[in-house]
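Written out below as structure tokens is the structure these notes cover.
The values are calculated or read from the model by the stated rules, or taken from the named source; none is laboratory data. Treat the numbers as computed from the prediction; the structure is a model and nothing was measured. Neighbour counts are summed over all protein chains in view; Cβ atoms, including those assigned to glycine, are modelled from backbone coordinates with ideal geometry.
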Amino acid sequence: MTTQTMTRRHPLFMPVIFLGGLIFGFGLGLSRMVRPEVVLDFLQLDDLGLLFVMGGAAVVSGVAFFWASYRGGRAPLTQTSYQRRLMPFDRDVVVGGAIFGVGWGLSGICPGAAYASLGVGNYPILLAIGGMFLGAFLFGYLRSRAETTPGGGSPQAQSAMARQ
Amino acid sequence: MPFAEFFPNGVWPYLAGGILLGLATALIYLTTGLITGASTFLESTLSYVCDYAQFRRYVDSRDWRLVFTLGIVAGAAVYAVTVQQGIWVTQVQWWRLLFGGILVGFGTRMGRGCTSGHGICGLGSLSTTSLVNVATFVLIAIGTAHIVEALGVTP
């Protein structure tokens, strides 16, 4: 899939990606998730409005996923076939989710909302974004070290990642 | 009314924002077949400066992921200019942002997704893997936020 998207990209590919990002960022602003205080209010169970953010987004995108993958065919701008987001399950999914949960509960910010938060002028969020890069780097460092030793890493998980 | 008690700011801004997130995801998916998770950007961008195998696998997608993220920043800036009318700055303490961010970066990559990849796209795909991941991070985050609040840290 990645090779196809590299070689057969339509001229409108990047403009559409940027437009999608624009709508995504505006939506994050409107949903107030760009404010860590709002996320912390949700996690402290003072305002459960964020349920409607993730729920509304999952339902709308879910309709697109099921409609396109059921109908078949290929995406017009990349000639990629439509597939739903189905990832293999292993221990990393739970342990990684738990570590993310501690970070989200501590800071009130997740990756997409952090980028958008920068856009609304919230410059202290650069600390969180810098931290996220550091955390992703640490994971890559540890995982790359593990993969150089025999039996390290999970081939199944890696092939699934490569398809994304 | 118990419902209103849990939604002191109503549900419409949240629902409208969520629908826009879904429309943006659907727009990119239907035109390109690509699934937009926000946290993969961290690793794909690190591939520009570091050649670990973990990052190299995203070399083919790193350019559009960068453009998508720049779009997110620009879209939020449009929101700030048109609706919010000015900049907004958090009062959450710096160490919470920094150390929380480190854990978010590590955990989302280990767990293969975040609030957008697993939360929007994975749940939208009715993926059991994503459902388990989302249930894990939401419950742990609720517990963490309560502990931090109980320790007297505000905000």
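Would you mind finding the one in B:89, B:73, B:59, B:49 that is aliphatic (A, V, I, L, M), within 27 Å of residue A:62 (Cβ to Cβ) and free of Cβ contacts under 8 Å to residues at least 24 places away in the same chain? Within the list B:89, B:73, B:59, B:49, the selection yields B:73.
Of all residues in the stretch A:68-122, those being crowded, with 24+ Cβ neighbours inside 10 Å, more than 7 Å from chain B (Cβ to nearest Cβ) and over 25 Å from residue B:143 (Cα atoms) number 0. Checked against the criterion of being under 18 Å from the mean Cα position of the chain (by Cα) and closer than 25 Å to residue B:125 by Cα, the stretch A:115-125 contains one or more residues that satisfy it.
Yes/no matrix, rows are residues, columns are (1) within 16 Å of residue B:120 (Cα to Cα); (2) assigned to a loop (DSSP other than H, G, I, E, B); (3) under 17 Å from the mean Cα position of the chain (by Cα); (4) hydrophobic (A, V, I, L, M, F, W, C):
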{"residue": "A:66", "(1), (2), (3), (4)": "yes, no, no, yes"}
{"residue": "A:78", "(1), (2), (3), (4)": "no, yes, no, no"}
{"residue": "A:85", "(1), (2), (3), (4)": "yes, yes, yes, no"}
{"residue": "A:102", "(1), (2), (3), (4)": "no, no, no, yes"}
{"residue": "A:106", "(1), (2), (3), (4)": "no, no, no, yes"}
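Any chance the stretch B:93-100 includes a residue that's assigned to a loop (DSSP other than H, G, I, E, B), more than 7 Å from every other protein chain (Cβ to nearest Cβ) and on the phi < 0 side of the Ramachandran plot? Yes, the stretch B:93-100 contains a residue that is assigned to a loop (DSSP other than H, G, I, E, B), more than 7 Å from every other protein chain (Cβ to nearest Cβ) and on the phi < 0 side of the Ramachandran plot.
With the structure loaded, tell me whether residue B:76 is facing another protein chain (nearest Cβ under 7 Å), out of contact with any Lys or Arg (no Cβ under 6 Å at 6 or more places or on another chain), buried (at least 24 other Cβ atoms within 10 Å of the Cβ) and in a loop (DSSP other than H, G, I, E, B) or whether it fails that test.
no
Given the criteria of a type outside the set (Ser, Thr, Tyr), more than 7 Å from chain A (Cβ to nearest Cβ) and buried (at least 23 other Cβ atoms within 10 Å of the Cβ), does residue B:104 qualify? Judged against the criteria, residue B:104 is not a match. Look at residue A:32 and say whether it is of a type in the set (D, E, K, R), at pLDDT 95 or above and under 19 Å from residue B:136 (Cα atoms). Answer is no for this residue. Residue B:43 satisfies every condition listed in (1) at the interface with chain A (Cβ under 7 Å from one of its Cβ atoms); (2) over 12 Å from residue A:140 (Cα atoms) except (2).
A quick yes/no check of all residues on (1) more than 21 Å from residue A:97 (Cα to Cα); (2) surrounded by fewer than 24 Cβ atoms within 10 Å (Cβ to Cβ); (3) not charged (D, E, K, R):
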{"site": "B:33", "(1), (2), (3)": "yes, yes, yes"}
{"site": "B:50", "(1), (2), (3)": "yes, yes, yes"}
{"site": "B:60", "(1), (2), (3)": "yes, yes, no"}
{"site": "B:81", "(1), (2), (3)": "yes, yes, yes"}
{"site": "B:84", "(1), (2), (3)": "yes, yes, yes"}
{"site": "B:92", "(1), (2), (3)": "yes, no, yes"}
{"site": "B:111", "(1), (2), (3)": "no, no, yes"}
{"site": "B:115", "(1), (2), (3)": "no, no, yes"}
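Filtered by the rule that a residue be over 21 Å from residue A:31 (Cβ atoms) and either in contact with a Phe, Trp or Tyr (Cβ under 6 Å, 6 or more places away or on another chain) or in a helix (DSSP H, G or I) (or both), the stretch B:140-153 gives B:140, B:143, B:144, B:146, B:147, B:148, B:149, B:150. Please determine, by comparing only the residues of the stretch A:11-45 that are over 20 Å from the mean Cα position of the chain (by Cα) and assigned to a loop (DSSP other than H, G, I, E, B), which one is surrounded by the fewest Cβ atoms within 10 Å (Cβ to Cβ). Result: A:11. Only one entry in B:63, B:51 is more than 7 Å from chain A (Cβ to nearest Cβ), among the acidic types (Asp, Glu), out of contact with any strand residue (DSSP E or B) (no Cβ under 8 Å at 6 or more places or on another chain) and assigned to a helix (DSSP H, G or I), namely B:63.
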